[in-house]
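To keep things clear, I will list the structure first and then write my remarks on it.
The values are calculated or read from the model by the stated rules, or taken from the named source; none is laboratory data. Just so it is clear, the structure is predicted and the values come from calculations on it, not from any experiment. Neighbour counts run over all protein chains shown; Cβ positions are idealised from the backbone, glycine included.
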Amino acid sequence: MMSLLGDYTSSKLSVFPKSASSFSGESDWVFHFISIVCVVFFVPIAVALFGFAWKYRKAKGEPADSQTDHNTTLELVWSIGPSFLLVVMFYFGARGYLDMRSIPEGAYNVGVDAYKWGWGMNYGNGVIHPELHVVAGEPTKLTMTSKDVIHSLYIPAFRVKKDIVPGRFNYIWFKAMEPSEKVMSDEELKQLAAKDKEENLSWNYDERQCTPDGYTFYDLYCAEYCGTNHSEMQTVVVVHETQEELDAWIKQYSSRGPDESPAAYGAKLYERRGCKSCHSIDGTRMVGPSYQGSFGTMREIVGGDPVKVDENYIRESILNPKAKVAIQQGVAYQPVMPSYKGQLSDDDIYSLIEFIKSLGDASAAEEASESAADEAAETAAAEDADAEPVSVE
Amino acid sequence: MSAGSVPSGYEVKDPGYPTSQENYLTNSKGILSWAFTLDHKRIGMMYLIGVSTAFLLGGLLALGIRLHLFAPDGILFNNGLFQWLAPDKAPNDIYNQVFTLHGAIMVFLFIIPSIPAALGNFLVPVMLGAKDVAFPRLNLSSFYLWVGGAVFFVMALLASGLDTGWTFYTPYSTTTDSSVILATTGAFILGFSSIFTGLNFIVTINTMRPPGMTWFRMPLFLWATYSTSIIQVLATPVLGITLLLLIAERTMHIGIFDPEYNGDPVTFQHFFWFYSHPAVYIMILPAFGIISELISVHSHKRIFGYRFIAYSSIAIALLSFIVWGHHMFTSGMSPITTIIFSALTFTVSVPSAIKVFNWVATMFKGSISLTTPMVYAIAFIFLFTIGGLTGLHLGTLATDMHLHDTYFVVAHFHYVMVGGTVVSFLGGVFHWWPKMVGKMYSEAGGLISAALVFIGFNLTFLPQFILGSRGMPRRYATYDPEFAPLHQMSTYGALILGVGLFVALFVLIMSLINGKKAPANPWGGATLEWNCTSPPPFYNFERAPVVGDPYEFGDIRWDTELDRYVKVEPEREVVPSETPAETPAHAGE
């Protein structure tokens, strides 16, 4: 019976998404068992309800055929009888649940940082990426915490969900069964990436049905309401066939390549570390100020004199976002950005600053004034200090 | 015996038309006579108008949600009109505020007071054969607290809106810059309104039952109201405390709910659901009471299993206090706590199932009139059964891990709250409307409204079960394109449901304009409210009514000449009312 239902659930007509973890079979089987019990109860009730309503409808004033008002045996039977089925449901539900709570020893650990509105999957050695990459057939444990409000990690294909509560760690584990497939060649991917860059678009997972690395994926959603972009707080799970494949994937993100310019690496961090979910690079007002042409401009802030957007301001805004909250056209931004202290290395921050500079630098025009010259000297000094790729962790 | 004849040996006891022409609507005039009235019937009518207005507002917000979700990227709030209305808000923000206010208004301003405060206020004293509730002034103050709470909600809406979801989860609610304090103050005040109503009904039912009306000769609507009142009085103070603590956390950072000040956000969830799960039963128990009356009266048959239904109401009221944890299965509670809450949750399904079986058994071999209230009651049983059964998928832990916080949950609780409470509320309004206003409405119009509500409702929410099991999370302003067809189906359903509700409103309003005059007992009911004229006089009864069995239909006959139901009394030995028989005379016939 289980295998039969298993076949059914993989079809397109199924009420479930693809079944892709060691839990899904059990969870779906229990779901179908309960559903069958429900149908077995519901159909007779509905038939009796509509059948009686039709059969016993009578003209006004005709007395009822019977005035029977109780039958203790019958009532006890239908009160107590179904209870046994409830016990069965409870048992299977609790059994499946205990499996989900019993994390196997030696599971592959990935840290999860949830924030408004994105995901940072921490693979160690400073590799933090929004996509969750795991190995097929091996248990994976997620150690999750939130930087701001409650989020919830939900992977429908794995049938697992767990709230992510600020101020504590919550854990979840699963064993992915179906590896992702590589569906796009590196050549095609390069062309698409170049096209996106030209049109200033980010990778569209839904349209292309694969990741920027060319793999098929499973959806990962935030399931606990967390504000403005709750519905955009989505990422993907990629299941690699072997640990070596996963390690190779992780390695390419470990740090800035020797030939990579800071601005180009900053652009990757912008995509990968969640900046883009709140800051546009085309001037659109989103949750936070746009990066476009912002460098070197004067910015109004809440509760203080306008400040210049320079290296120090950006650095402070990344590490302590609530210190100087920007105002644009008289409307203050919400102070919702989480701190990236300890999350970005100095080289990462430097790369991001260079990336923002590459989107338009207004400071050149102001260099005539004395104060600007002073600041430029200051920032130059700051740059020297930042240039050393020393980790702050 | 044929319909319409009064058999020999029976004496006609017909209240007929009122002896005096004055009734509670006409005995005094002017706006002040309503504003300062202590008459439970007028307070009930004011509540009815108030909660209906809140329902209209909450319903329009629901239509806004459904229209926005017609396309994966959202439609309605992307429109330039909304950008012009709220220039500093993104479409997602508007959506979040709309779903929050939809939930908060529907829960706090509509569903909780709907049946107890509107219908309950009108009916409880009349069903008891009493002149009024025990504390008429408390009753009026309860209404004005409701108005006060509503004003705070409107202020929150006009200030900077509310975007926390109706559940006010911390630390989102302690950090957002929307009007959390105004809204929670409103909910706090509404809590007192609810407590006052509950307290009043408990005292009224305990102390004002007439001689002869023992607990087990009370109409089941009163049992349901009594059970509801117990929950209102015991659970609502916890909501008040929770909301006060939330306000204190937000303003003074006392460090109870916000992890930034060493608080625990999950504590808030325990506090909140300790009230809000019993509150679910404040919403549905009175509906059970209405359905017990409607099914029995329109089947002209004794209610089946009176004691089981009565006891199950009390059982639900008590069990409702120990299952709150099932809202938090994924929150990271310890496995043992989670499993205990799952086991307890299954126990609540038993008393609800008992009621469904008993209602269907009541219809068996009855004399069923497919009137508007009866059709609504049948729709209720169908929809509530779906809502109840799908609760099993959510109470079961392994499947809840997948379904929690998806559209499956949204569909489940709308089947219970709308398919259950709202449909029974409509059935109850159609059933007692002739009594409340003294006018009959168009049966055809009423039946059309019931059909549209039934079809529209199912089309709205059946697809949402599949959306949920396929993994669509709730409270999403935008969604993956694969979910679009089911969302569109749901939106069409919501429009049909909306039309059905407007038809119901239209039919009731038209009855005031050109409805036929209602007789005292249009349906052939046996409870006391059908003994007084329609609408009732100021003091409800011209003379103290004789308390009989609330489900004894043998004494009520249709008189074709008079074109109405009349009460006849058989020449049999009448059981003295002071010592009521344990087994009613017609049992086992």
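Before moving on, here are some points about what is shown:
- Filter pass, residue B:135 being surrounded by fewer than 20 Cβ atoms within 10 Å (Cβ to Cβ) and of a type in the set (A, V, I, L, M, F, W, C): yes
- The set of residues in the range A:105-145 that are touching a residue at least 12 places away in the same chain (Cβ under 8 Å) and of a type in the set (D, E, K, R) comprises A:113, A:116, A:131, A:138, A:141.
- Residues (more than 7 Å from every other protein chain (Cβ to nearest Cβ) and under 23 Å from residue B:298 (Cβ atoms)) located in the range A:30-48: A:44, A:47
- Count of the range A:225-253 residues, restricted to those that are part of a loop (DSSP other than H, G, I, E, B), more than 7 Å from chain B (Cβ to nearest Cβ) and surrounded by fewer than 24 Cβ atoms within 10 Å (Cβ to Cβ), is 4.
- Of the numbered criteria (1) modelled with pLDDT of 90 or more; (2) in a helix (DSSP H, G or I); (3) more than 24 Å from residue B:189 (Cα to Cα), the one residue B:70 fails is (2).
- Any strands (runs of 3 or more DSSP E) falling wholly within the range A:146-215 and containing at least 3 residues that are hydrophobic (A, V, I, L, M, F, W, C), farther than 30 Å from residue A:358 by Cα and not assigned by TED's automatic domain parsing to the domain that holds residue A:276: A:170-175
- Residue check, residue A:56 of a type in the set (Phe, Trp, Tyr), surrounded by fewer than 16 Cβ atoms within 10 Å (Cβ to Cβ) and within 13 Å of chain B (Cβ to nearest Cβ): no
- Hey, residue A:258 in contact with a strand residue (DSSP E or B) (Cβ under 8 Å, 6 or more places away or on another chain), without any contact (Cβ under 8 Å) to a residue 60 or more places away in the chain, exposed (fewer than 15 other Cβ atoms within 10 Å of the Cβ) and farther than 22 Å from residue B:93 by Cβ or not: no
- Among the residues examined, residue B:338 qualifies as at negative phi, over 20 Å from the mean Cα position of the chain (by Cα), crowded, with 21+ Cβ neighbours inside 10 Å and β-branched (Val, Ile, Thr).
- Top-ranked residue in the range A:167-204 [being within 23 Å of residue A:242 (Cα to Cα) and hydroxyl-bearing (Ser, Thr, Tyr); ranked as modelled with the lowest pLDDT]: A:185
Rundown of residues vs (1) within 48 Å of the chain's Cα centre (by Cα); (2) in contact (Cβ under 8 Å) with a residue 60 or more places away in the chain; (3) more than 7 Å from chain B (Cβ to nearest Cβ), yes/no style:
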position: A:28; (1), (2), (3): yes, yes, yes
position: A:50; (1), (2), (3): yes, no, yes
position: A:64; (1), (2), (3): no, no, no
position: A:77; (1), (2), (3): no, no, yes
position: A:87; (1), (2), (3): yes, no, yes
position: A:103; (1), (2), (3): yes, yes, yes
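- Condition check for residue A:152: modelled with pLDDT under 95, of a type in the set (Gly, Ala, Ser) and within 22 Å of residue B:400 (Cα to Cα): no
- Any helices (runs of 4 or more DSSP H) falling wholly within the range B:326-433 and containing at least 1 residues that are touching a helix residue (DSSP H, G or I) at 6+ places or on another chain (Cβ under 7 Å), at the interface with another protein chain (Cβ under 7 Å from one of its Cβ atoms) and hydroxyl-bearing (Ser, Thr, Tyr): B:335-363, B:372-395, B:397-403
Yes or no, residue by residue, for (1) more than 26 Å from residue B:401 (Cα to Cα); (2) surrounded by fewer than 19 Cβ atoms within 10 Å (Cβ to Cβ); (3) out of contact with any Phe, Trp or Tyr (no Cβ under 7 Å at 6 or more places or on another chain):
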{"site": "A:185", "(1), (2), (3)": "yes, yes, yes"}
{"site": "A:190", "(1), (2), (3)": "yes, yes, yes"}
{"site": "A:193", "(1), (2), (3)": "yes, yes, yes"}
{"site": "A:199", "(1), (2), (3)": "yes, yes, yes"}
{"site": "A:206", "(1), (2), (3)": "no, yes, yes"}
{"site": "A:215", "(1), (2), (3)": "yes, no, yes"}
{"site": "A:223", "(1), (2), (3)": "no, no, no"}
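- Residue match in the range B:36-51 (condition: surrounded by fewer than 18 Cβ atoms within 10 Å (Cβ to Cβ), under 30 Å from the mean Cα position of the chain (by Cα), within 30 Å of residue B:541 (Cα to Cα) and at pLDDT below 95): yes
- If the condition is being under 20 Å from residue B:274 (Cβ atoms) and in contact (Cβ under 8 Å) with a residue 40 or more places away in the chain, then the range B:332-350 contributes B:332, B:333, B:338, B:339, B:342, B:345, B:346.
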